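The values are calculated or read from the model by the stated rules, or taken from the named source; none is laboratory data. Please read all numbers here as calculations on a predicted model, not as lab measurements. Because the Cβ atoms are built from the backbone with ideal geometry, glycine has one as well, and the counts that use them run over all protein chains shown. When the accessible area is computed, the model is the full protein with side chains, heavy atoms only, and any ligands, DNA or RNA have been set aside. Shrake-Rupley method; radii C 1.70, N 1.55, O 1.52, S 1.80 Å.
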Amino acid sequence: MDSNNTSYIPLPGEDPSAAVPPPTHRRPFKVFAVTFSSVIFLLSLVTLIIHQGPGAPRKTVPEQPDHDHRHQQPAASTSPEPRSFSVPRGKLEGVSAKSNPYFSEEASYNWTNAMFSWQRTAFHFQPADNWMNGPLFYKGWYHLFYQYNPDSAVWGNITWGHAVSTDMIHWLYLPLAMVPDRWFDANGVWTGSATILPNGEIMILYTGSTNDSVQVQNLAYPANLSDPLLLDWIKYEGNPVLTPPSGIGSTDFRDPTTAWIGPDGKWRITIGSKINTTGISMVYTTTDFVNYELYDGVLHEVPGTGMWECVDFYPVSINGTKGLETSVNNDGVKHVLKASLDDTKLDHYAIGTYFIENETWVPDDPTIDVGIGLRYDYGRYYASKTFYDQNKERRILWGWINETDTETDDLEKGWSSLQTIPRTVLFDSKTGTNLLQWPVEEIEELRLNSTEFTDVLVEAGTTVPLDIGTATQLDIFVDFEIELLDTESVNGSSGCGDGAADRSTFGPFGILALADETLSELTPVYFRVTNSTDGDVTTYFCADESRSSEAPEVFKHVYGGEVPVLDGETYSARVLVDHSIVESYAQGGRTVISSRVYPTEAIYGAARLFLFNNATGVNVKATLKIWQLNSAFIHPFPLDQV
């Protein structure tokens, strides 16, 4: 298909008078394309809901009549629960902050019901309503248990919601799995993990907040193992099975991992905590999941990283293309240690070696240890967890995307937060230093019609519209090749810069997702290449939310991180667009960014897709294949038909 260049529309922060003169070609510079259960777990994810102030209303753009929101009345309001905002929601309960006290309690914008309706995703998992916050594969079903507030769209009254799916995309809601009804979990049924024993039994360990707000670990198991839906669960009468050990705070002891078994026949779990400001991961051993022994010392610790939540620990094959069961440990594997940092609300991981003889783990590179190096996701993402899917021999990663509007907005729309698309996880044998994350292949079941573009020229300082129709549910593959121009070098900011408007010789260039026709709203996903004085080239993969919404008080940020681009590779990305969620994967999943955006104009039929090149010294050629994606139509399980 043909695409025509449009005159360059300045991106935010750019001075139009400073536009670069039309460049002259020098020589081409090209690189080539690289396109891009089980031990089970309960991914109970803790969200951070940002509290922000009111925004002034503005006009909306005309849309198709059946989706026209111009004449909608403002969304019906649900009165927020009375509370003091001097302390973030969740902090008094001993978990990470679930609200931000520095912003107003008012709505961030004059939202309409149609706007709220558009924000709800079509193929990401979220409950029908209220606040939600993890799966297991059993007898043909993937089970997702998630932290859920059945009473409100804000954090509190945490129970375990339950849903099942045959493909981790098309989910069916089931009745609640567990509720806070015993003294050992009276203040919440929190994060847990599950282990399938060799005899088929399922053991779930979960954190409960007691009636005195002490964090303890509890045991639960299915009432009926012959039930493939696992509808009923029994809490062990002797709970709690673990209480905070000496030297650990009563609210610093949470989130047990899936268990792994050693050559001595003992099962091991690890639990995150802290000592002063040092983040730690403790190891317990057990033979029956009731009685435990705390190993002397810690699996690992990193000074200055604070409380470790939702710790995860699992093996990856050095050269293989399949995931590994959690207990595998031999010369052909590395071990991944991951922690969610309570202080920063970021998920960090590191790759290293596990020494079972003394229950320690050592990072391959101490300079990128847990909490100070690599992240799973450089955007809105927290409290992730993996599980081994023995059904397809793969390790699956789930994560949490939280809201960045206000709690008042969430109460008005009646829901909050969602899960990422599940991702496979492999060791990157080409770099040897990082993981590869990729959407599960089942997402391809949603693909409808596709459109292809080949060698689309995007000259320096231009945008190119892509004629694909409505652009709210997309699976985008794009490869960029760059051609150097005979222009003077422009040294921009380091890293992702100040966003897509920050021009330099080699970037930024990429796509504009969820953009309206006039580019008043847009979410750039882009590459930015920098040269150091000694000739080293560093590539950054970024997402810029700064002009994603006309709502002035919605939190907007420029996210990103380094991404290795090897010799012979093009700059390649995959981007999943699902209404208010944009998940972006660079170089086969070496770097990933999840964006949470709230457009007011680039919605429904007004949402468009563009290419852009804001570099001063390169032209870009882009080759794309873009699928429209169907909805997953998540709905209740028809239990009356069972």
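Summary table below
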read-out	value
Two-site label geometry, ASP455 and ALA128: point separation in nm, points 7 Å out along Cα→Cβ	5.4
Fraction of accessible area attributable to carbon and sulfur, the stretch 447-629 (%, probe 1.4 Å)	43
Loop GluC sites (Glu not before Pro), the stretch 389-451, which have at most 15 other Cβ atoms in a 10 Å radius of their Cβ (DSSP)	GLU393
Contact order normalised by residue count of the stretch 412-478, Cα under 8 Å, 6+ apart, percent	19
Protection-proxy order for peptides 385-391, 289-295, each taking the mean of Cβ atoms within 10 Å per residue, highest first	385-391, 289-295
Peptide ranges 571-582, 429-440 listed from the most packed, as the mean C-beta count within 10 angstrom indicates	571-582, 429-440
Shape box of the stretch 434-530 [Cα atoms, principal axes, largest first, Å]	47, 38, 26
Solvent-accessible area per residue for the stretch 131-439 (1.4 angstrom probe, square angstrom)	31
Value of relative contact order over the stretch 447-629, rounded to a whole percent, pairs C-alpha under 8 Å and six or more apart	42
Inter-part distance where the stretch 364-411 and the stretch 603-624 are each reduced to a Cα centre, Å	28
With 10 Å bins from 0: P(r) over the stretch 388-471, alpha-carbon pairs, percent	12, 22, 28, 32, 6
The stretch 452-546: GluC sites (Glu not before Pro) in DSSP loop, at most 14 other beta carbons within 10 Å	GLU488, GLU517
Value in Å of the Kirkwood radius, where the stretch 447-629 supplies the Cα pairs that are averaged	16.2
For the stretch 523-562 versus the stretch 418-489, the gap between their alpha-carbon centres in whole angstrom	15
Convex hull volume of the stretch 243-301 per residue (C-alpha atoms, cubic angstrom)	86
The stretch 323-403 - percent relative contact order, Cα under 8 Å, separation 6 or more	28
Estimated translational D of the stretch 195-259 in µm²/s (Stokes, Kirkwood radius over Cα pairs; 10 °C; 1.306 mPa s)	122
Heavy-atom accessible surface of the stretch 131-439: percent carbon and sulfur, 1.4 Å	50
Modelled label reach - VAL642, point 7 Å along Cα→Cβ, the stretch 204-248 residues with backbone N closer than 13 Å	223-233
Overall Cα dimensions of the stretch 108-231, principal axis frame, Å, largest first	54, 40, 17
Per residue solvent-accessible surface (Å²) - the stretch 443-534, probe of 1.4 Å	36
Cα-based Rg of the stretch 498-598 normalised by 2.2 N^0.38 Å, two decimals	1.09
Alpha-carbon Rg/Rh ratio, for the stretch 131-439, with Rh computed the Kirkwood way	0.93
For the stretch 141-211 versus the stretch 242-294, the gap between their alpha-carbon centres in whole angstrom	20
